[in-house]
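The block underneath contains the structure these notes are about, expressed in structure tokens.
The values are calculated or read from the model by the stated rules, or taken from the named source; none is laboratory data. Owing to the predicted nature of the structure, the values given are computational and were not obtained by experimental measurement. Cβ atoms come from the backbone with ideal geometry, glycine included; neighbour counts cover every protein chain shown. Each accessible area value is taken on the protein alone, full model and side chains, heavy atoms only, with ligands, DNA and RNA left out. Shrake-Rupley method; radii C 1.70, N 1.55, O 1.52, S 1.80 Å.
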Amino acid sequence: MARPTNKQDLLTAANGQFDTLWELIDSMPGEKRLGTFSFDDRDKNVRDVLIHLYEWHQLFLNWIRSNKAGISVNFLPAPYNWKTYPQMNVEFWKYHQSTPIEKAVIQLKESHAEVVKAIELFTDKELFTKKYFPWTGTTNLGSYAVSATSSHYDWAIKN
């Protein structure tokens, strides 16, 4: 799948990959959905993967809200940066170890809808022009949106 370069393609990819993720999860027998994965990563079950996606949605949404309100924040909260964000992912994982899968499902479905709504508020130019917003650095808002949605959903599907 080509990386989206306009809002319509971004929304199509985000919603399409989200649907594919749920088709995969819905096709899993209950014991597999609740079971432990065979690889030893921080994400050891479906719930962990859903929570990971949810938390990255929250990063994206909080980053947009803050910066649009004139409060300058980085995408990754302090003390994390692009070299140390794996530690942040571990903190998300630790924080949610008592979150039931049912809650993780609801949170992710709601946060996906919020991200889609947020994306819809921007124009193609705002989403895909590099440096359009000072807070996107050298890239564009659309790249962050792709990372928070379709490409992250691809990662989840492959795990």
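For the stretch 150-159, take each phi angle, set θ = phi - 60°, evaluate the Karplus expression 6.51 cos²θ - 1.76 cosθ + 1.60, and give the result in whole Hz per residue in order, putting x for glycine and proline.
Whole-Hz 3J(HN,Hα) from phi for the stretch 150-159: 4, 6, 6, 5, 4, 4, 5, 5, 6, 8.
Going by average Cβ density within 10 Å per residue, which order do the peptides 50-56, 94-100 take, highest to lowest? Show your work: numbers first, answer last.
Details: 50-56: 22.6, 94-100: 11.4.
Taking the mean over residues of other Cβ atoms within 10 Å, the ranking is 50-56, 94-100.
Considering only protein heavy atoms, what per residue accessible area in square angstrom results for the chain with a 1.4 angstrom probe?
Working: 8800 Å² over 159 residues.
Value returned for the chain: 55 Å² of accessible area per residue.
Return the subset of K44/K103; K94/K117; K44/K117 for which the Cα-Cα distance in this structure is over 21 Å, preserving the input order.
Among K44/K103; K94/K117; K44/K117, the Cα-Cα distance tops 21 Å for K94/K117; K44/K117.
Each label point is 7 Å from the Cα along the Cα-to-Cβ direction; what then is the distance between the points at I106 and E23, in nm?
It works out to 2.8 nm between the two label points.
Please give the length that would be gained between V90 and E126 if that part of the chain were fully extended, namely 0.36 nm times their separation in residues minus their C-alpha to C-alpha distance (nm, one decimal).
Working: separation 36, 0.36 × 36 = 12.96 nm, distance 3.22 nm.
Additional length available on full extension: 9.7 nm.
Once fully extended, how much extra length lies between Q97 and T12, figured as 0.36 nm per residue of separation less the alpha-carbon to alpha-carbon distance?
Working: separation 85, 0.36 × 85 = 30.60 nm, distance 3.20 nm.
Roughly 27.4 nm would be gained on extension.
Around N140, what is the net charge, scoring Lys/Arg as +1 and Asp/Glu as -1 over all other residues with Cβ under 10 Å from its Cβ? Walk me through the intermediate numbers first.
Details: positive: K125, K130, K131; negative: E126.
My count for the surroundings of N140 gives +2.
Of the accessible area of the chain, with the probe set at 1.4 angstrom, what percent is carbon plus sulfur?
On the way: 4680 of 8800 Å².
Within the chain, the accessible surface is 53 percent carbon and sulfur.
How tilted is helix 46-68 with respect to the longest principal axis of the chain? Cα atoms for both, answer in degrees (0 to 90, nearest 10).
With both axes taken from Cα atoms, the answer is about 20 degrees.
For the chain, modelled as a GNM with alpha-carbon contacts under 10 angstrom, which of I71, I119, I101 fluctuates the most?
I71
Using the Cα centre as the reference, give the magnitude of the dipole from point charges on the C-beta atoms of the stretch 1-157 (Lys, Arg: +1; Asp, Glu: -1; all else neutral), rounded to the nearest 20 debye. Provide the component values of the computation, followed by the final result.
On the way: 17 positive and 18 negative charges, 110 e Å.
The calculation lands at about 520 debye.
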